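The values are calculated or read from the model by the stated rules, or taken from the named source; none is laboratory data. For clarity, every value in this text was computed on a predicted model and none was experimentally measured. Methodologically, a virtual Cβ is constructed for each residue, glycine included, from the backbone with ideal geometry; neighbour enumeration extends over all protein chains shown. Heavy atoms of the whole protein, side chains included, go into the accessibility calculation; ligands, DNA and RNA do not. Shrake-Rupley method; radii C 1.70, N 1.55, O 1.52, S 1.80 Å.
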Amino acid sequence: MTSTEPEQALSTDVLVIGGGPAGTWAAIKTAQAGADVVLADKGYTGASGATASVGTGIWYVDDVPELREAATASREALGGFLADRDWMARVLDETHARMDELARIQRYPFPADGRQLRGDLQGPEYMRRQRTRVQRLGVRILDHTPALELLTDADGVVSGARALDRTTGETVRIEAGAVVLAAGGCAFQSKTLGCDVNTGDGALLAVEAGARLSGMEFSNAYAIVPKGTSLTKTAYYSWATFYRADGSVLDGAGSTRGRSVIARALLTEPVYARFDKATPDEQLAMRKGQPNTFLVFDRLASTPSPTCSRSPCSPRARCAGPAVSASAATTAPPTSPVCTRPATPRPVS
Ligand SMILES: Cc1cc2nc3c(=O)[nH]c(=O)nc-3n(C[C@H](O)[C@H](O)[C@H](O)COP(=O)(O)OP(=O)(O)OC[C@H]3O[C@@H](n4cnc5c(N)ncnc54)[C@H](O)[C@@H]3O)c2cc1C
């Protein structure tokens, strides 16, 4: 940059880079502690990032020792016994506290069945409420303002960041007492829903400022994707049966356990899914719970198929190519969306 280019200047106690769940909670907590806070997001805080477009399963476990132990042991096994129990306990505590706040202060409309069910959040609604709370706490939000580089003082200590205000084209120099990097992961190559903004900027900014990264090899989340779409929302496939083109059920295939069976099969043949395990009441709840899931199936119903467009049980999802796509993965293989839902099955290339 040359000195003749226009540059805005800001100064704050805390600069938060990224406005997803991590960034907005950081902004909320630092503002509550009395700090002056600026939050800069490359997109639009509340609508940008991985959570804002998805349904998010929450590791919310009732505060009962036996339940917590069972949940911890189960995740420990799932993670190949690499996880740290103390960290898991912190996550459980933190999740409880934040969900309580969401219900109490942000009035998040958790579904209720005698008591609130807090195991799941709808990303768009959650993040909309996060933005509102951040604003109410007086945080200055800079939308469409990607951070470009961290600033350091004479001792090499991070002292802010330089960002680009895309609404004006000017750069913004933000001096800050502390900088929180919350710019998400590096999943843009995966084409996963909401992840086009996740270009790994936070990690890169940190490395440029001298940080060392660790644990980067452990990111691998895969999702099931309707062919030709970017709908990497997998929750509802728990209600699906997976089968081959000839109608035979794919043994061992499943949404939470059995994705590798699907992936293996897709190397050689198309895989279909039918949401046939949901009761009529569940079907209605599913439609209400994640409308954008069905939007895709409805749009794919280009041939007349009234039941397909109304019921999650009806669609026959046709899958071809690699069944799973990476979500939030740093070294993700390219996503190959897998299923289309033709009303009349056709051969798949
Ligand atoms: C399909 C899918 C399903 C998922 N399901 C679950 C689930 O069930 N349960 C669960 O716990 N997690 C789930 N996740 C993961 C979860 O969404 C992420 O872990 C979470 O969003 C990470 O939050 P974050 O704030 O770190 O990043 P993000 O939510 O990705 O937010 C990062 C923000 O940083 C901004 N940003 C990026 N670069 C810059 C920059 N240079 N300057 C300024 N801003 C920048 C982006 O615009 C974005 O708003 C899912 C993810 C996907 C994609």
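Observations
- Every condition in (1) on the phi > 0 side of the Ramachandran plot; (2) more than 24 Å from the chain's Cα centre (by Cα); (3) of a type outside the set (Val, Ile, Thr) holds for LEU150 except the one numbered (1).
- THR171 vs. criteria open to solvent by less than 60 Å² (accessible area, probe 1.4 Å), farther than 24 Å from ILE224 by Cβ, in contact (Cβ under 8 Å) with a residue 12 or more places away in the chain and β-branched (Val, Ile, Thr): yes
- Selection within the stretch 274-284: residues that are assigned to a helix (DSSP H, G or I) and open to solvent by 60 Å² or more (accessible area, probe 1.4 Å). The member of this set that is modelled with the lowest pLDDT is LEU284.
- Contact map, the stretch 116-140: first residue over 17 Å from THR30 (Cα atoms), second residue more than 10 Å from the ligand (Cβ to nearest atom) and open to solvent by 50 Å² or more (accessible area, probe 1.4 Å), Cβ cut-off under 7 Å, separation 6 or more or different chains; pairs are LEU117/PRO111; ARG118/TYR60; GLY119/TYR60.
- Hits in the stretch 71-84 - residues which are open to solvent by 60 Å² or more (accessible area, probe 1.4 Å) and closer than 18 Å to THR256 by Cα: SER74, ARG75, LEU78
- Across the stretch 112-134, the number of residues qualifying as open to solvent by 70 Å² or more (accessible area, probe 1.4 Å), out of contact with any Gly (no Cβ under 8 Å at 6 or more places or on another chain) and within 16 Å of the ligand (Cβ to nearest atom) comes to 1.
- Qualifying positions in the stretch 68-92 - away from the ligand (no atom under 15 Å from the Cβ), over 28 Å from PHE188 (Cα atoms) and of a type outside the set (D, E, K, R): ALA70, THR72, ALA73, SER74, ALA77, PHE81, ALA89
- Test: ALA211 is more than 27 Å from PRO146 (Cβ to Cβ) and either open to solvent by 50 Å² or more (accessible area, probe 1.4 Å) or over 19 Å from the mean Cα position of the chain (by Cα) (or both): no
- Pairs linking a residue in the stretch 232-246 that is touching a residue at least 60 places away in the same chain (Cβ under 8 Å) to a residue that is within 12 Å of the ligand (Cβ to nearest atom) and part of a helix (DSSP H, G or I), with Cβ atoms under 7 Å and 6 or more positions apart or on different chains, are LYS233/THR293; TYR236/THR293.
- Inside the stretch 27-40, residues that are in a helix (DSSP H, G or I), touching a strand residue (DSSP E or B) at 6+ places or on another chain (Cβ under 6 Å) and crowded, with 23+ Cβ neighbours inside 10 Å make up a count of 1.
- Listed by first and then second residue, the pairs with beta-carbon distance under 8 Å, at least 6 apart or on different chains, first residue in the stretch 268-284 and under 16 Å from ASP251 (Cα atoms), second among the aliphatic types (A, V, I, L, M) and open to solvent by 60 Å² or more (accessible area, probe 1.4 Å), are GLU269/ALA245; PRO270/ALA245; TYR272/ALA245.
- Just so you know, in the stretch 41-67 the residues that are within 6 Å of the ligand (Cβ to nearest atom) and small (Gly, Ala, Ser) include one that is surrounded by the most Cβ atoms within 10 Å (Cβ to Cβ), and it is GLY49.
- Candidates are the residues of the stretch 140-155 that are of a type in the set (Val, Ile, Thr) and within 14 Å of the ligand (Cβ to nearest atom); the one that is surrounded by the most Cβ atoms within 10 Å (Cβ to Cβ) is THR145.
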